[in-house]
Amino acid sequence: MGLSLRCENLEKTYGRAGGPTQSVLRNLSFTIEAGEWVVLMGDSGSGKSTLLNILAGIDPFDSGEILLDGRSWGPMNDEEKTLVRRHDMGFVFQNYNLFPFLSVYENVALPARLVGKHDRQTVHSLLQEVGLGDKHAKFPSQLSGGEQQRVAVARALIHRPRLLLADEPTGALDHLTGRKILELMTLLHKEFRPTIVMSTHSLEAARYGNRILHLRDGQFVPPPGP
Ligand SMILES: Nc1ncnc2c1ncn2[C@@H]1O[C@H](COP(=O)(O)OP(=O)(O)OP(=O)(O)O)[C@@H](O)[C@H]1O
Ligand SMILES: [Mg+2]
């Protein structure tokens with residue numbers, strides 16, 4: 001079952017004291033229940049990636065609190081954060097962030113290896129499911145953008161994380177391939193009920209989730225009218 005997620009008065013500003021600053025997240029408070037699939041929408045630059053990277057514990061935030069299953073993220077030391085990330089989280093980054101010196105197979109297998117759950121059959125079948133069964137020995141630089149994105153999705157799901165943070169996971173994919181990936185995510189969501197926070201610009205992709213959160217000017221706002 002997924003992790004629950006609670007943010008209280010989250011603030012994030014870019015820029016330095018004395019220079020121009022940009023307030024990206026303003027006093028943001030929300031709860032995501034365990035097992036929910038929440039979709040983050042909002043214009044380019046509205047802060048979707050910023051929020052996902054903060055939830056992942058990769059980027060710092062200025063103030064507020066993040067609670068994972070009621071446990072505060074902020075005071076955890078790096079070692080504790082690494083353990084939570086490794087065991088409980090999966091990430092699909094907007095720019096994929098694959099390991100360039102690892103093959104497709106090894107990129108996908110790595111998170112499972114790190115938690116002692118590596119199994120060749122599972123890696124190969126997940127690669128089949130994202131349509132890359134024949135590309136397991138290639139390296140990221142030998143793949144198209146959409147293929148790299150599908151490796152990133154497989155890598156994020158291989159260890160069955162309790163929280164999947166996916167930044168535009170179908171952003172680089174054609175319509176049909178995107179749908180296949182969302183259907184795979186739906187299947188896995190039914191099977192092991194991870195909590196999913198996914199950003200997208202696509203209304204069709206957004207419909208796969210349970211609830212949409214619209215970001216504008218650093219806050220969640222009602223969805224834009226027709
Ligand atoms: N490292 C950074 N330093 C300064 N400003 C940043 C940094 N990262 C992001 N920003 C700014 O924060 C704002 C939000 O960026 P973010 O990447 O979160 O937007 P987004 O909603 O993910 O957009 P997109 O849909 O284009 O991916 C942008 O205006 C961006 O310029
Ligand atoms: Mg983004």
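The values are calculated or read from the model by the stated rules, or taken from the named source; none is laboratory data. Just so we're clear, the structure is a prediction, and the values are computed from it rather than from any experiment. No Cβ is skipped: glycine too gets one built from the backbone with ideal geometry, and neighbour counts run over all protein chains shown.
Before moving on, here are some points about what is shown:
- The number of residues in region 43-76 that are within 20 Å of H214 (Cβ to Cβ), surrounded by fewer than 22 Cβ atoms within 10 Å (Cβ to Cβ), within 16 Å of ligand 2 (Cβ to nearest atom) and not hydroxyl-bearing (S, T, Y) comes to 3.
- Scanning region 13-33 for residues that are under 27 Å from L163 (Cβ atoms) and out of contact with any strand residue (DSSP E or B) (no Cβ under 6 Å at 6 or more places or on another chain) turns up just one, E33.
- Listed by position, the helices (runs of 4 or more DSSP H) inside region 1-120 whose residues that are closer than 26 Å to E191 by Cβ and more than 11 Å from ligand 1 (Cβ to nearest atom) number at least 2 are 78-88, 104-114.
- Close Cβ contacts (under 7 Å, 6 or more residues apart or on different chains) running from residues in region 120-148 that are of a type in the set (A, V, I, L, M) to residues that are part of a loop (DSSP other than H, G, I, E, B) and modelled with pLDDT of 95 or more comprise V123/I158; L126/I158; L127/H136; A137/S103.
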